[in-house]
Amino acid sequence: MIAAPIRPAIPQLDQLTGLRGIAAWFVVLYHVRLATTGLFPPTMIDVFAKGYLAVDLFFMLSGFVMWLNYGARLRADGWPGARRFWWKRVARIWPLHLLVLAAMIAFAAVLVATGRSTAGYPFAELPLHILLLQNWGFTADLAWNHPAWSISTELAAYLLFPALVLAARWETMALTSLALVAAFLLAGLHSVFALAGYSELGMAIPQLGLWRCLAGFATGSVLALVWQRLEGGRGRTAVSFGLVSVALAVGGIAADLPETAFVPAAFATGLLALALGTGPFARLLASSPLQWLGDLSYATYLSHFFLFILFKIVFVDDDGMLGAGELGLFLAVVLAASAALFHGFEKPAQRWLNARAPRGFGRDTLKAPS
(Lines give C-alpha, C1' and ligand atoms only; values in the text may rest on other atoms or scores of the structure.)
Protein backbone atom coordinates (compact mmCIF):
# COMPACT_ATOMS: atom_id res chain seq x y z
CA MET A 1 0.00 0.00 0.00
CA ILE A 2 1.42 3.39 -1.00
CA ALA A 3 1.24 6.03 1.72
CA ALA A 4 -0.57 9.23 0.90
CA PRO A 5 1.76 12.17 0.28
CA ILE A 6 2.42 14.36 3.28
CA ARG A 7 0.81 17.74 2.86
CA PRO A 8 2.57 20.80 4.27
CA ALA A 9 0.92 22.38 7.27
CA ILE A 10 -1.18 25.44 6.46
CA PRO A 11 0.09 28.51 8.35
CA GLN A 12 -2.43 30.21 10.63
CA LEU A 13 -2.02 33.98 10.43
CA ASP A 14 -5.03 35.08 12.43
CA GLN A 15 -4.04 38.74 12.23
CA LEU A 16 -4.79 38.67 8.50
CA THR A 17 -8.31 37.45 9.18
CA GLY A 18 -8.85 40.37 11.56
CA LEU A 19 -7.45 42.76 8.98
CA ARG A 20 -9.92 41.43 6.43
CA GLY A 21 -12.77 42.15 8.82
CA ILE A 22 -11.72 45.77 9.34
CA ALA A 23 -11.23 46.24 5.59
CA ALA A 24 -14.77 45.01 4.89
CA TRP A 25 -16.22 47.61 7.24
CA PHE A 26 -14.11 50.30 5.64
CA VAL A 27 -15.89 49.47 2.38
CA VAL A 28 -19.24 49.75 4.16
CA LEU A 29 -18.32 53.24 5.39
CA TYR A 30 -17.23 54.15 1.89
CA HIS A 31 -20.65 53.36 0.50
CA VAL A 32 -22.58 55.23 3.20
CA ARG A 33 -20.26 58.23 3.47
CA LEU A 34 -22.36 60.66 1.43
CA ALA A 35 -25.29 60.05 3.76
CA THR A 36 -23.20 60.90 6.84
CA THR A 37 -21.92 64.36 5.94
CA GLY A 38 -24.06 65.84 8.71
CA LEU A 39 -22.53 63.53 11.32
CA PHE A 40 -18.81 63.67 10.63
CA PRO A 41 -16.33 66.44 9.82
CA PRO A 42 -15.10 66.76 6.22
CA THR A 43 -11.74 65.21 7.08
CA MET A 44 -13.48 62.06 8.31
CA ILE A 45 -15.64 61.92 5.18
CA ASP A 46 -12.44 62.22 3.14
CA VAL A 47 -11.05 59.20 4.98
CA PHE A 48 -14.23 57.22 4.31
CA ALA A 49 -13.98 58.26 0.65
CA LYS A 50 -10.79 56.20 0.38
CA GLY A 51 -12.60 53.06 1.48
CA TYR A 52 -12.35 51.62 -2.02
CA LEU A 53 -8.67 51.03 -1.30
CA ALA A 54 -9.70 48.23 1.05
CA VAL A 55 -10.54 46.24 -2.09
CA ASP A 56 -6.92 46.48 -3.24
CA LEU A 57 -5.89 45.18 0.17
CA PHE A 58 -8.35 42.31 -0.29
CA PHE A 59 -6.70 41.41 -3.59
CA MET A 60 -3.24 41.21 -2.01
CA LEU A 61 -4.57 39.30 0.99
CA SER A 62 -6.27 36.86 -1.34
CA GLY A 63 -3.12 36.17 -3.35
CA PHE A 64 -1.11 35.83 -0.14
CA VAL A 65 -3.51 33.36 1.45
CA MET A 66 -4.04 31.38 -1.75
CA TRP A 67 -0.32 30.84 -2.13
CA LEU A 68 0.16 29.74 1.47
CA ASN A 69 -2.79 27.35 1.26
CA TYR A 70 -2.51 26.04 -2.27
CA GLY A 71 0.89 26.91 -3.73
CA ALA A 72 2.71 23.78 -2.55
CA ARG A 73 -0.28 21.54 -3.26
CA LEU A 74 -0.67 22.80 -6.81
CA ARG A 75 3.05 22.42 -7.36
CA ALA A 76 2.85 18.81 -6.20
CA ASP A 77 -0.41 17.89 -7.96
CA GLY A 78 -0.01 19.85 -11.19
CA TRP A 79 -3.01 20.53 -13.42
CA PRO A 80 -5.17 17.76 -11.90
CA GLY A 81 -4.92 19.68 -8.64
CA ALA A 82 -6.04 22.84 -10.43
CA ARG A 83 -9.50 21.38 -10.97
CA ARG A 84 -9.87 20.73 -7.25
CA PHE A 85 -8.68 24.25 -6.48
CA TRP A 86 -11.17 25.80 -8.91
CA TRP A 87 -14.08 23.86 -7.49
CA LYS A 88 -13.21 24.90 -3.94
CA ARG A 89 -13.00 28.55 -4.90
CA VAL A 90 -16.30 28.47 -6.78
CA ALA A 91 -17.88 26.78 -3.76
CA ARG A 92 -16.51 29.59 -1.63
CA ILE A 93 -17.60 32.65 -3.60
CA TRP A 94 -20.52 31.74 -5.87
CA PRO A 95 -23.42 30.64 -3.61
CA LEU A 96 -23.61 33.81 -1.53
CA HIS A 97 -23.10 35.97 -4.59
CA LEU A 98 -26.01 34.21 -6.29
CA LEU A 99 -28.23 34.57 -3.21
CA VAL A 100 -27.68 38.34 -2.97
CA LEU A 101 -28.12 38.72 -6.73
CA ALA A 102 -31.38 36.74 -6.58
CA ALA A 103 -32.66 39.10 -3.88
CA MET A 104 -31.79 42.07 -6.06
CA ILE A 105 -33.53 40.51 -9.07
CA ALA A 106 -36.67 40.13 -6.96
CA PHE A 107 -36.34 43.77 -5.89
CA ALA A 108 -35.94 44.89 -9.51
CA ALA A 109 -39.01 42.86 -10.47
CA VAL A 110 -41.00 44.78 -7.85
CA LEU A 111 -39.73 48.03 -9.37
CA VAL A 112 -40.89 46.90 -12.79
CA ALA A 113 -44.29 45.82 -11.48
CA THR A 114 -44.83 49.16 -9.76
CA GLY A 115 -43.68 51.27 -12.68
CA ARG A 116 -40.52 52.54 -11.03
CA SER A 117 -37.12 53.07 -12.61
CA THR A 118 -34.82 50.08 -12.93
CA ALA A 119 -31.73 52.12 -13.76
CA GLY A 120 -28.76 50.22 -12.42
CA TYR A 121 -30.49 46.86 -12.91
CA PRO A 122 -29.94 45.92 -16.57
CA PHE A 123 -31.69 42.58 -17.07
CA ALA A 124 -29.78 41.98 -20.31
CA GLU A 125 -26.53 41.80 -18.34
CA LEU A 126 -27.79 39.25 -15.82
CA PRO A 127 -26.08 36.23 -17.47
CA LEU A 128 -22.73 37.97 -16.98
CA HIS A 129 -23.49 38.70 -13.33
CA ILE A 130 -24.74 35.18 -12.64
CA LEU A 131 -21.52 33.72 -14.07
CA LEU A 132 -19.35 36.40 -12.41
CA LEU A 133 -18.05 37.63 -15.75
CA GLN A 134 -19.43 41.17 -15.46
CA ASN A 135 -16.10 42.89 -14.83
CA TRP A 136 -14.05 41.20 -17.51
CA GLY A 137 -14.46 44.13 -19.89
CA PHE A 138 -17.92 43.19 -21.14
CA THR A 139 -19.81 46.08 -19.51
CA ALA A 140 -19.34 49.84 -19.41
CA ASP A 141 -20.76 50.57 -15.95
CA LEU A 142 -21.17 48.95 -12.57
CA ALA A 143 -24.64 47.44 -12.14
CA TRP A 144 -26.70 45.25 -9.82
CA ASN A 145 -24.63 44.48 -6.71
CA HIS A 146 -21.74 46.88 -7.21
CA PRO A 147 -19.26 45.25 -4.78
CA ALA A 148 -19.49 42.00 -6.74
CA TRP A 149 -17.29 43.51 -9.44
CA SER A 150 -14.28 42.52 -7.35
CA ILE A 151 -15.58 38.97 -6.93
CA SER A 152 -15.80 38.78 -10.72
CA THR A 153 -12.15 39.74 -11.04
CA GLU A 154 -11.18 37.37 -8.22
CA LEU A 155 -12.68 34.55 -10.26
CA ALA A 156 -10.33 35.49 -13.10
CA ALA A 157 -7.40 35.46 -10.66
CA TYR A 158 -8.41 32.01 -9.40
CA LEU A 159 -8.58 30.67 -12.95
CA LEU A 160 -5.07 31.94 -13.66
CA PHE A 161 -3.55 31.04 -10.29
CA PRO A 162 -2.51 27.44 -11.12
CA ALA A 163 -0.71 28.72 -14.22
CA LEU A 164 1.11 31.26 -12.01
CA VAL A 165 2.17 28.54 -9.57
CA LEU A 166 3.38 26.20 -12.30
CA ALA A 167 5.03 28.89 -14.44
CA ALA A 168 8.35 28.87 -12.58
CA ARG A 169 10.24 27.36 -9.67
CA TRP A 170 9.36 30.33 -7.51
CA GLU A 171 10.56 28.67 -4.32
CA THR A 172 14.13 28.56 -5.66
CA MET A 173 14.28 32.27 -6.46
CA ALA A 174 16.42 34.59 -4.37
CA LEU A 175 14.69 37.19 -2.23
CA THR A 176 16.08 39.90 -4.48
CA SER A 177 14.49 38.28 -7.52
CA LEU A 178 11.14 37.98 -5.75
CA ALA A 179 11.33 41.63 -4.72
CA LEU A 180 11.99 42.59 -8.34
CA VAL A 181 8.98 40.56 -9.50
CA ALA A 182 6.76 42.34 -6.95
CA ALA A 183 8.18 45.72 -7.99
CA PHE A 184 7.53 44.89 -11.65
CA LEU A 185 3.90 43.99 -10.90
CA LEU A 186 3.31 47.18 -8.95
CA ALA A 187 5.03 49.31 -11.57
CA GLY A 188 2.93 47.63 -14.24
CA LEU A 189 -0.26 48.43 -12.32
CA HIS A 190 0.73 52.08 -12.05
CA SER A 191 1.63 52.19 -15.74
CA VAL A 192 -1.73 50.77 -16.82
CA PHE A 193 -3.58 53.47 -14.89
CA ALA A 194 -1.20 56.21 -15.99
CA LEU A 195 -1.52 55.29 -19.66
CA ALA A 196 -5.31 55.36 -19.28
CA GLY A 197 -5.06 58.82 -17.70
CA TYR A 198 -6.08 57.87 -14.15
CA SER A 199 -4.27 58.50 -10.88
CA GLU A 200 -6.61 56.77 -8.40
CA LEU A 201 -7.21 53.06 -8.04
CA GLY A 202 -10.97 53.48 -7.73
CA MET A 203 -11.37 54.99 -11.19
CA ALA A 204 -12.75 53.25 -14.31
CA ILE A 205 -13.56 50.03 -12.47
CA PRO A 206 -15.33 48.30 -15.41
CA GLN A 207 -12.31 48.98 -17.62
CA LEU A 208 -9.37 48.68 -15.20
CA GLY A 209 -10.68 46.69 -12.25
CA LEU A 210 -9.56 43.37 -13.73
CA TRP A 211 -5.95 44.54 -14.06
CA ARG A 212 -6.15 46.04 -10.58
CA CYS A 213 -7.13 42.64 -9.20
CA LEU A 214 -4.67 40.53 -11.17
CA ALA A 215 -1.71 42.75 -10.26
CA GLY A 216 -2.68 42.86 -6.58
CA PHE A 217 -3.40 39.13 -6.40
CA ALA A 218 -0.11 38.21 -8.09
CA THR A 219 1.77 40.61 -5.82
CA GLY A 220 0.18 38.98 -2.78
CA SER A 221 1.31 35.58 -4.03
CA VAL A 222 4.89 36.82 -4.35
CA LEU A 223 4.68 38.33 -0.87
CA ALA A 224 3.69 34.92 0.49
CA LEU A 225 6.90 33.49 -0.98
CA VAL A 226 8.88 36.29 0.67
CA TRP A 227 7.10 35.61 3.98
CA GLN A 228 8.03 31.94 3.78
CA ARG A 229 11.71 32.89 3.46
CA LEU A 230 11.61 35.43 6.31
CA GLU A 231 9.29 33.62 8.71
CA GLY A 232 12.13 32.51 10.98
CA GLY A 233 13.38 36.04 11.59
CA ARG A 234 10.21 37.93 12.45
CA GLY A 235 10.70 40.72 15.07
CA ARG A 236 13.03 43.27 13.55
CA THR A 237 12.09 42.31 10.00
CA ALA A 238 8.44 43.07 10.71
CA VAL A 239 9.35 46.45 12.18
CA SER A 240 11.50 47.26 9.16
CA PHE A 241 8.71 46.49 6.72
CA GLY A 242 6.29 48.47 8.88
CA LEU A 243 8.53 51.52 8.79
CA VAL A 244 8.92 51.25 5.03
CA SER A 245 5.14 51.02 4.66
CA VAL A 246 4.59 54.14 6.75
CA ALA A 247 7.34 55.99 4.89
CA LEU A 248 5.80 55.12 1.54
CA ALA A 249 2.36 56.27 2.65
CA VAL A 250 3.53 59.51 4.28
CA GLY A 251 6.00 60.29 1.51
CA GLY A 252 3.48 59.62 -1.25
CA ILE A 253 0.88 61.87 0.36
CA ALA A 254 3.39 64.62 1.15
CA ALA A 255 4.74 64.58 -2.41
CA ASP A 256 1.20 64.47 -3.85
CA LEU A 257 2.09 61.43 -5.91
CA PRO A 258 -0.56 59.56 -7.89
CA GLU A 259 -2.28 57.06 -5.62
CA THR A 260 -1.35 54.24 -7.97
CA ALA A 261 2.35 55.04 -7.53
CA PHE A 262 2.63 54.43 -3.79
CA VAL A 263 -0.50 52.95 -2.17
CA PRO A 264 -0.05 49.38 -3.53
CA ALA A 265 3.60 49.41 -2.45
CA ALA A 266 2.62 50.68 1.00
CA PHE A 267 0.02 47.90 1.24
CA ALA A 268 2.55 45.27 0.13
CA THR A 269 5.17 46.20 2.73
CA GLY A 270 2.50 46.70 5.38
CA LEU A 271 1.06 43.25 4.67
CA LEU A 272 4.49 41.69 5.11
CA ALA A 273 4.99 43.61 8.35
CA LEU A 274 1.70 42.36 9.70
CA ALA A 275 2.19 38.77 8.55
CA LEU A 276 5.62 38.70 10.19
CA GLY A 277 4.53 40.67 13.23
CA THR A 278 3.97 39.30 16.73
CA GLY A 279 3.53 42.61 18.53
CA PRO A 280 0.49 44.30 20.10
CA PHE A 281 -1.10 45.33 16.79
CA ALA A 282 -0.84 41.82 15.35
CA ARG A 283 -2.27 40.38 18.57
CA LEU A 284 -5.14 42.88 18.49
CA LEU A 285 -6.06 41.87 14.94
CA ALA A 286 -5.87 38.23 15.98
CA SER A 287 -8.28 38.79 18.88
CA SER A 288 -11.56 36.88 18.96
CA PRO A 289 -13.87 39.83 18.11
CA LEU A 290 -11.84 40.80 15.05
CA GLN A 291 -11.49 37.16 14.03
CA TRP A 292 -15.28 36.99 14.07
CA LEU A 293 -15.57 40.10 11.91
CA GLY A 294 -13.03 38.57 9.54
CA ASP A 295 -15.06 35.37 9.29
CA LEU A 296 -18.13 37.44 8.43
CA SER A 297 -16.28 39.76 6.05
CA TYR A 298 -17.40 38.15 2.79
CA ALA A 299 -21.04 38.28 3.85
CA THR A 300 -20.56 41.87 5.02
CA TYR A 301 -18.93 42.87 1.78
CA LEU A 302 -21.49 41.26 -0.52
CA SER A 303 -24.68 42.17 1.38
CA HIS A 304 -24.18 45.72 2.67
CA PHE A 305 -24.74 47.53 -0.64
CA PHE A 306 -28.20 46.05 -1.22
CA LEU A 307 -29.06 46.37 2.47
CA PHE A 308 -28.32 50.09 2.27
CA ILE A 309 -30.66 50.46 -0.68
CA LEU A 310 -33.46 48.79 1.29
CA PHE A 311 -32.60 50.66 4.49
CA LYS A 312 -32.84 54.04 2.77
CA ILE A 313 -36.27 53.18 1.38
CA VAL A 314 -37.61 52.25 4.82
CA PHE A 315 -35.81 54.56 7.24
CA VAL A 316 -34.24 57.53 5.47
CA ASP A 317 -35.97 60.80 4.55
CA ASP A 318 -35.97 62.31 1.09
CA ASP A 319 -32.80 64.27 1.86
CA GLY A 320 -30.92 60.97 2.02
CA MET A 321 -29.07 61.88 5.23
CA LEU A 322 -28.53 59.49 8.13
CA GLY A 323 -28.83 60.60 11.73
CA ALA A 324 -26.64 59.03 14.41
CA GLY A 325 -29.39 56.61 15.41
CA GLU A 326 -30.08 55.62 11.84
CA LEU A 327 -26.41 55.04 11.13
CA GLY A 328 -26.08 52.90 14.23
CA LEU A 329 -29.16 50.92 13.27
CA PHE A 330 -27.89 50.34 9.74
CA LEU A 331 -24.50 49.12 10.96
CA ALA A 332 -26.26 46.78 13.38
CA VAL A 333 -28.46 45.48 10.58
CA VAL A 334 -25.41 44.78 8.42
CA LEU A 335 -23.65 43.00 11.27
CA ALA A 336 -26.70 40.85 12.10
CA ALA A 337 -27.32 40.05 8.44
CA SER A 338 -23.65 39.16 7.94
CA ALA A 339 -23.75 36.72 10.86
CA ALA A 340 -27.01 35.16 9.65
CA LEU A 341 -25.76 34.80 6.09
CA PHE A 342 -22.39 33.39 7.16
CA HIS A 343 -23.74 30.77 9.54
CA GLY A 344 -27.06 30.09 7.86
CA PHE A 345 -26.09 30.03 4.19
CA GLU A 346 -22.51 30.81 3.20
CA LYS A 347 -20.74 28.03 5.12
CA PRO A 348 -23.46 25.38 4.68
CA ALA A 349 -23.57 26.03 0.94
CA GLN A 350 -19.79 25.83 0.72
CA ARG A 351 -19.75 22.51 2.57
CA TRP A 352 -22.58 21.17 0.42
CA LEU A 353 -20.80 21.97 -2.82
CA ASN A 354 -17.42 20.71 -1.62
CA ALA A 355 -19.05 17.40 -0.65
CA ARG A 356 -20.42 17.07 -4.18
CA ALA A 357 -17.38 17.82 -6.28
CA PRO A 358 -17.81 16.38 -9.79
CA ARG A 359 -15.76 13.41 -10.92
CA GLY A 360 -12.29 14.64 -11.81
CA PHE A 361 -12.57 17.54 -9.37
CA GLY A 362 -11.83 15.19 -6.47
CA ARG A 363 -11.79 16.23 -2.85
CA ASP A 364 -8.82 16.29 -0.53
CA THR A 365 -8.80 16.04 3.23
CA LEU A 366 -7.55 19.50 4.03
CA LYS A 367 -9.92 22.16 5.23
CA ALA A 368 -10.62 24.78 2.56
CA PRO A 369 -9.43 28.24 3.58
CA SER A 370 -11.91 31.06 3.86
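The values are calculated or read from the model by the stated rules, or taken from the named source; none is laboratory data. Keep in mind the model is a prediction, meaning the values are calculated, not measured. Please note: Cβ atoms are built from the backbone with ideal geometry, for glycine as well, and neighbour counts cover all protein chains shown. Just the protein is used for accessible areas: all its heavy atoms, side chains included, with ligands, DNA and RNA removed. Shrake-Rupley method; radii C 1.70, N 1.55, O 1.52, S 1.80 Å.
Computed quantities for the displayed model
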{"read-out": "Residues of region 59-83 classified as open to solvent by less than 40 Å² (accessible area, probe 1.4 Å), in a helix (DSSP H, G or I) and not polar (S, T, N, Q), total", "value": "15"}
{"read-out": "Lone qualifier among Leu335, Leu331 - being in contact (Cβ under 8 Å) with a residue 40 or more places away in the chain, under 24 Å from Ile151 (Cβ atoms) and in a helix (DSSP H, G or I)", "value": "Leu331"}
{"read-out": "Filter result for Leu293 (open to solvent by less than 50 Å² (accessible area, probe 1.4 Å) and in a helix (DSSP H, G or I))", "value": "yes"}
{"read-out": "Residue match in region 174-183 (condition: touching a residue at least 12 places away in the same chain (Cβ under 8 Å) and under 20 Å from the mean Cα position of the chain (by Cα))", "value": "yes"}
{"read-out": "Scan of region 314-354 for residues that are farther than 30 Å from Leu39 by Cα and open to solvent by 50 Å² or more (accessible area, probe 1.4 Å), ordered by number", "value": "His343, Gly344, Phe345, Arg351, Trp352"}
{"read-out": "Residue, nearest to Pro11 (Cα to Cα), within region 285-328, restricted to residues that are under 21 Å from the mean Cα position of the chain (by Cα) and of a type in the set (A, V, I, L, M)", "value": "Ala286"}
{"read-out": "All positions within region 111-159 that are of a type in the set (D, E, K, R) and either surrounded by 18 or more Cβ atoms within 10 Å (Cβ to Cβ) or in contact with a strand residue (DSSP E or B) (Cβ under 9 Å, 6 or more places away or on another chain) (or both)", "value": "Glu154"}
{"read-out": "Qualifying positions in region 279-315 - within 23 Å of Val110 (Cβ to Cβ) and touching a Ser or Thr at 6+ places or on another chain (Cβ under 7 Å)", "value": "Ser303"}
{"read-out": "Where a residue in region 138-156 is at positive phi and its partner, wherever it lies, is among the acidic types (Asp, Glu) and in a helix (DSSP H, G or I), with Cβ under 8 Å and at least six apart", "value": "Trp144/Glu125"}
{"read-out": "Of residues in region 262-280 being in a helix (DSSP H, G or I) and without any contact (Cβ under 8 Å) to a residue 60 or more places away in the chain, the one most open to solvent (accessible area, probe 1.4 Å)", "value": "Pro280"}
